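S.K.: Take this structure, written in structure tokens, and hold onto it; I'll ask about it next.
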Amino acid sequence: MNRSKVDNGNAARHPLISEFANDADMAELIEFFLSELDHRLQVLQAAWDTGNLEQVQSLSHQLKGAAGGYGFPSISEVAAELEHALAIHTPGSTLPRDRFESLMSQLRRAQAGAHHVD
Amino acid sequence: MQNDRHEHHDARLLAIDDSELIHQLLRGRLRNERIQIHAATNAADGLQLARVLLPDVILLDIDMPDRNGFDIIQDLKADPTTHDIPVIFFSSDANVDTKIRGFELGAVDFVTKPFEVAELKARVNSAIRLSRLVRMLAQRAQVDGLTGLWNRAYFDWRLGEEVAIAERHCNDLALIFCDLDRFKGVNDTYGHPFGDQVLERFGLLLAHGRKGDIACRYGGEEFGIILPETNAQEAANVAERLLVDLRSMTWRRDPGLAITASFGITDLRRVHPRTTAALVESADRALYAAKARGRNCVAVSDDPPQARLTA
């Protein structure tokens, strides 16, 4: 999977930092969000690989609603785009792969940002 | 004061949302607000917790996998134990129709996701304040929480006062009883939230009647209006006007629907002895006559009025 290698490199070069990174009240919450990311990425990838679009849609719906609250509005945005693309997707038509990859790449960038802070 | 237990504990918020990310965020962000946060991640747990906890406010997600928030609020509103808990909808799909639907089903407010923390706090606190005020008024000032009219207890007390005053000054005193027609059918067909809307709007109509008249919610879909210095004939005119206004109301839910009511009227000169109990009984009989006549009309007690009192 060349694509994911490229993305990982990209993520490391462009880490995504929470808008609330300087808010002491938010430190614990952001940490919780980031600590879950690994698992979330895996579940999303597995759902996508097995064609479980309903689960991908539901997971992106949750990220749309929550990520902005943790200081990652760009994740909310791409998650909303993916959710919308899946909502109007009809069986047999082209999958919104680019939208999916955008979300994954944003999540990886946030993950890279977590290590970056340390 | 001392019997209001709600003043003494932190406000309880129940969040019903399928996303654990949201629950964590709420817990973290409302940590310093003196609000206890309880979480449910599906409809069944949410309804169960609402009944057990009786929270001060419910934050309800619209898009959930098992049942959506619109279904859940209808269950909350249909259950008398949870009926009065204010519900704030919580959704990332903030189009106008969704919001209006939420308000029509009885929500007090709407917060869009992702949410601004300061705004969420302000809205939650405002909903809690509002529900406490409504509850306080209902307990202490004898106001009906749904319609804002006087309640039954106030009606009983006030009618006693007005009868005594009328007797002292040899004044007229009329009483109107009215009952919304086939209201159970309205509830069954359109749901309880719509039934509540009908009660609320009819209550508003009664509240804006003549100055000096005292409009009360007698119970369920029955209302009583005390009209000092008014005889039954004048009261019948008041009732006719109310009936015309009610019939001409339009209902968004079903533009073809006409809600009607029946009115029974009496006054102090038609009852013996001149007591509140006799007055209530006479108005009730007249109301029954209006129903028997086919509803959607005004009936005056057929007891003959006694000669006008002289001072």
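S.K.: Identify the residue in segment B:19-66 that is crowded, with 23+ Cβ neighbours inside 10 Å and acidic (Asp, Glu) and, among all such residues, is farthest from the other protein chains (Cβ to nearest Cβ).
M.R.: Restricting to residues being crowded, with 23+ Cβ neighbours inside 10 Å and acidic (Asp, Glu), the top hit is B:Asp56.
S.K.: Just one of B:Ala258, B:Ala215, B:Ala232 is small (Gly, Ala, Ser), open to solvent by 40 Å² or more (accessible area, probe 1.4 Å) and farther than 12 Å from B:Asp179 by Cα; which is it?
M.R.: When all the criteria are applied, what remains is B:Ala258.
Conditions (1) polar (S, T, N, Q); (2) on the phi > 0 side of the Ramachandran plot; (3) within 13 Å of the chain's Cα centre (by Cα), marked per residue:
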site	(1), (2), (3)
A:Ala27	no, no, no
A:Glu31	no, no, no
A:His39	no, no, yes
A:Asp49	no, no, no
A:Val56	no, no, yes
A:Ser60	yes, no, yes
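S.K.: Checking A:Glu28 against (1) within 10 Å of another protein chain (Cβ to nearest Cβ); (2) modelled with pLDDT of 90 or more; (3) open to solvent by 60 Å² or more (accessible area, probe 1.4 Å), only one condition comes out false. Which one?
M.R.: Only one criterion is unmet by A:Glu28, namely (2).
S.K.: I would also like to ask the following. How many of the residues making up segment B:209-225 are on the phi > 0 side of the Ramachandran plot and at pLDDT 95 or above?
M.R.: 0
S.K.: Also: Considering only residues that are more than 7 Å from every other protein chain (Cβ to nearest Cβ) and under 23 Å from A:Asp25 (Cβ atoms), look in segment A:74-92 and name the one that is most open to solvent (accessible area, probe 1.4 Å).
M.R.: Our first condition is that a residue be more than 7 Å from every other protein chain (Cβ to nearest Cβ); within segment A:74-92, this holds for A:74-75, A:77-92.
Next cut, under 23 Å from A:Asp25 (Cβ atoms) only: A:74-75.
On the way: A:Ser74: 39, A:Ile75: 0 Å².
Residue satisfying both the conditions and the ranking: A:Ser74.
S.K.: Pick from segment B:91-100 the residues that are surrounded by 15 or more Cβ atoms within 10 Å (Cβ to Cβ) and within 24 Å of the chain's Cα centre (by Cα): which of them is farthest from the other protein chains (Cβ to nearest Cβ)? Spell out the reasoning first.
M.R.: Within segment B:91-100, the first condition is being surrounded by 15 or more Cβ atoms within 10 Å (Cβ to Cβ), and the residues that meet it are B:91-93, B:98-99.
Subsequent filtering for residues that are within 24 Å of the chain's Cα centre (by Cα) retains B:98-99.
Working: B:Thr98: 14, B:Lys99: 16 Å.
Step by step, filter segment B:91-100, then rank; the result is B:Lys99.
S.K.: Given A:Gly65, A:Gly113, which one is within 14 Å of chain B (Cβ to nearest Cβ) and either assigned to a helix (DSSP H, G or I) or not hydroxyl-bearing (Ser, Thr, Tyr) (or both)? Write out each step before concluding.
M.R.: Values: A:Gly113 fails: within 14 Å of chain B (Cβ to nearest Cβ).
A:Gly65 is the lone residue from the list that is within 14 Å of chain B (Cβ to nearest Cβ) and either assigned to a helix (DSSP H, G or I) or not hydroxyl-bearing (Ser, Thr, Tyr) (or both).
S.K.: Next question. Which of the residues belonging to segment A:32-41 are open to solvent by 30 Å² or more (accessible area, probe 1.4 Å) and either at pLDDT 95 or above or at the interface with chain B (Cβ under 10 Å from one of its Cβ atoms) (or both)?
M.R.: Residues satisfying the conditions are A:Phe32, A:Glu36, A:Arg40.
S.K.: Kindly list the number of the only condition in (1) crowded, with 16+ Cβ neighbours inside 10 Å; (2) more than 14 Å from chain A (Cβ to nearest Cβ); (3) within 30 Å of B:Thr147 (Cβ to Cβ) that fails for B:Asp71.
M.R.: Evaluating B:Asp71 over (1) crowded, with 16+ Cβ neighbours inside 10 Å; (2) more than 14 Å from chain A (Cβ to nearest Cβ); (3) within 30 Å of B:Thr147 (Cβ to Cβ) leaves (1) as the failure.
S.K.: Follow-up question, since we're still on this one. Where the second residue is open to solvent by 80 Å² or more (accessible area, probe 1.4 Å) and the first is within 19 Å of B:Leu173 (Cβ to Cβ) and lies in segment B:234-251, which pairs have Cβ atoms under 9 Å and are six or more apart or on separate chains?
M.R.: Pairs that qualify, where the first residue is within 19 Å of B:Leu173 (Cβ to Cβ) and the partner is open to solvent by 80 Å² or more (accessible area, probe 1.4 Å), are B:Val238/B:Arg210.
S.K.: Let me ask something else about it. Cβ-Cβ below 7 Å, separation at least six or inter-chain, first residue in segment B:182-210 and open to solvent by 20 Å² or more (accessible area, probe 1.4 Å), second among the small types (Gly, Ala, Ser): which pairs?
M.R.: That search, which allows pairs on different chains as well, returns B:Asn187/B:Gly195; B:His192/B:Ala78; B:Asp196/B:Gly106; B:Ala207/B:Gly148; B:Ala207/B:Ala215; B:Gly209/B:Ala215.
S.K.: Which of the residues spanning segment B:252-311 are of a type in the set (S, T, N, Q) and in a helix (DSSP H, G or I)?
M.R.: First pass over segment B:252-311, keeping only residues of a type in the set (S, T, N, Q): B:260, B:262, B:266, B:275-276, B:282, B:296, B:301, B:306, B:310.
Listed by number, the residues that qualify are B:Thr276, B:Ser282.
S.K.: In segment B:102-118, which residue that is within 14 Å of chain A (Cβ to nearest Cβ) and assigned to a loop (DSSP other than H, G, I, E, B) is surrounded by the fewest Cβ atoms within 10 Å (Cβ to Cβ)?
M.R.: B:Glu116
The values are calculated or read from the model by the stated rules, or taken from the named source; none is laboratory data. Bear in mind the structure is a predicted one, so any value in this text is a computation, not a measurement. Heads up, the Cβs are rebuilt from the backbone with ideal geometry, glycines too, and the neighbour counts pull from every protein chain shown. These accessible areas exclude ligands, DNA and RNA; they are computed on the full protein's heavy atoms, side chains included. Shrake-Rupley method; radii C 1.70, N 1.55, O 1.52, S 1.80 Å.
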